[in-house]
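No lab work stands behind these numbers, since they all come straight from the coordinates. Keep in mind it's a predicted model, so treat the numbers as computed, not measured. Heads up, the Cβs are rebuilt from the backbone with ideal geometry, glycines too, and the neighbour counts pull from every protein chain shown.
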Amino acid sequence: MAYITIIAAITAFTRFAPFLVFYKKVPNIVSNLGMIMPASLIAMIFIYSCNNIILHTPKLDKTDICNIVGIIFTIIIHKIFKNILLSIIGGTTFVVILQSNI
């Protein structure tokens with residue numbers, strides 16, 4: 001029980017620490033990170049999806065085809081709605097559904 005209490009206290013501290021540190025004004029670097037991170041997340045997911053396709057397999061299998069279709073789906077969703085969060089969640093969900101039905 002003591003471990004759970006310690007972990008809960010550490011978690012609460014990490015949640016409230018930014019409010020304690022930036023109680024007056026948020027620094028420009030933190031604001032810039034807020035602008036950069038969504039695009040970085042999309043790039044990271046793209047590289048993770050294409051890693052197996054480009055580097056490891058000379059021939060495409062079903063998982064690679066699901067990843068390619070998921071990338072195309074994500075691009076279409078992003079072009080239609082222009083919402084990064086919807087693109088990330090929609091594309092990831094679509095690929096998971098495709099791969100679970102193989």
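In the stretch 57-80, the residues that are under 13 Å from L98 (Cβ atoms) reach residues that are among the aliphatic types (A, V, I, L, M) and in a loop (DSSP other than H, G, I, E, B) with C-beta atoms within less than 6 angstrom, at least six apart or across chains, in these pairs: K62/I102. If the condition is being surrounded by 13 or more Cβ atoms within 10 Å (Cβ to Cβ), within 13 Å of the chain's Cα centre (by Cα) and not hydroxyl-bearing (S, T, Y), then the stretch 73-88 contributes I84, L86, I88. Applying a threshold of 8 Å to beta carbon distances and a minimum spacing of six or more residues, or different chains, the list of pairs starting in the stretch 3-24 at a residue that is at negative phi and ending at one that is surrounded by 10 or more Cβ atoms within 10 Å (Cβ to Cβ) and not aromatic (F, W, Y) reads F22/V30.
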